[in-house]
Amino acid sequence: MPGSARPAQRLHHLQQIDALIIDIDGVLYEGGRVLPGAVELIAHLNQHDTPYLFLSNNTTYPFQHHVEKLSRLGVPNPQEVLLTAARITAQVLAAEAEPGACCFVIGESGLIEALQQSGFVVTQSNYQAASYVVIGMDRQLTYEKLKSAALAIRAGAYFISSNPDPSYPDGEQVVPASGAVQAALEVSTGVRARVTGKPALPGFQMALERLGSEASRTGMLGDQPEIDIQGAVNAGLRAFLVLSSLTPCYHPGNGAAQPSAVFENVQDFYQHWMKSDIDR
């Protein structure tokens, strides 16, 4: 239910933050559709020189695809304020893997691109050579891919999930995402995946470092309680939930991390943000 905090409490939470981390899918976009309030929010942040950064679990598209979408929203130099789970995963693994390590990948071009740019050898067929199994959303998923990944994990390959998102808002539909692949492999192998994207900490830590802001003075705007909100709370941020096709309603008290405030959509958040700026 919207309004987990009274209006005055919402404004109080917003007035306590100096920087904002923003999810993309379900917050600014659903599929290719720009959601109401998205353009206005970005314009307002630009106008007031508010530091912001986009933190997305989307690994399907190349980095440049996201850059171009954000540019159309009015984001200047979006490549400097964008972190994707694909790049986060590649950076985390590059810090600990042997140079040129082989990754068996269930995923699409965004994840493959990030791993290759970090020096990894990527395969989607030769699972016997893989030191890592790295998964993301894959709209060309086959049983053969699942079987190969499971065999590689059983043979000792490290199991990495770029993100555990259970579903994805693809325009007017909500479809299975990376978390569905993760669940299938965990059940079939008995091995728990190591998650690198939200809600895991690495992306939030990278975002805070790039923003140069303190966690307690930074907000996270997202639409998934178990992903965006849980990760933000774990990282010490103030968490703001917007309702979307993935989260059409919110019921507090289910044991999950609680957001600082809930908003109907990004338009509702933007209107409260403007009020908070006036009262700062």
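Of everything listed in (1) surrounded by fewer than 24 Cβ atoms within 10 Å (Cβ to Cβ); (2) in a loop (DSSP other than H, G, I, E, B), the single unmet condition for VAL174 is (2). ALA97 meets all of the listed conditions (1) crowded, with 24+ Cβ neighbours inside 10 Å; (2) out of contact with any helix residue (DSSP H, G or I) (no Cβ under 6 Å at 6 or more places or on another chain) but one, namely (1). The residue pairs whose first member lies in the range 90-111 and is closer than 13 Å to SER162 by Cβ, whose second member is basic (Lys, Arg) and part of a loop (DSSP other than H, G, I, E, B), and whose beta carbons are closer than 7 Å, counting only pairs six or more residues apart or on different chains, are GLU108/ARG139.
LEU35 passes every criterion in (1) among the hydrophobic types (A, V, I, L, M, F, W, C); (2) farther than 22 Å from PRO199 by Cα; (3) out of contact with any strand residue (DSSP E or B) (no Cβ under 7 Å at 6 or more places or on another chain) apart from (3). Hey, does the range 114-122 have a residue that's part of a helix (DSSP H, G or I), of a type in the set (A, V, I, L, M), out of contact with any His (no Cβ under 7 Å at 6 or more places or on another chain) and surrounded by fewer than 20 Cβ atoms within 10 Å (Cβ to Cβ)? Within the range 114-122 (the criterion being part of a helix (DSSP H, G or I), of a type in the set (A, V, I, L, M), out of contact with any His (no Cβ under 7 Å at 6 or more places or on another chain) and surrounded by fewer than 20 Cβ atoms within 10 Å (Cβ to Cβ)), the answer is no, since none of the residues qualifies.
The number of residues in the range 47-66 that are of a type outside the set (D, E, K, R) and over 23 Å from ALA239 (Cβ atoms) comes to 7.
With respect to the numbered conditions (1) in contact with a Lys or Arg (Cβ under 7 Å, 6 or more places away or on another chain); (2) within 14 Å of GLN16 (Cα to Cα); (3) at pLDDT 95 or above; (4) not aliphatic (A, V, I, L, M), which one is the sole condition not fulfilled by GLY231? Of (1) in contact with a Lys or Arg (Cβ under 7 Å, 6 or more places away or on another chain); (2) within 14 Å of GLN16 (Cα to Cα); (3) at pLDDT 95 or above; (4) not aliphatic (A, V, I, L, M), only one is false for GLY231: (2).
The values are calculated or read from the model by the stated rules, or taken from the named source; none is laboratory data. The structure presented is a predicted model; accordingly, all values stated were derived computationally and were not measured. Note: ideal-geometry Cβ built from the backbone for every residue, glycine included; neighbour counts use all protein chains shown.
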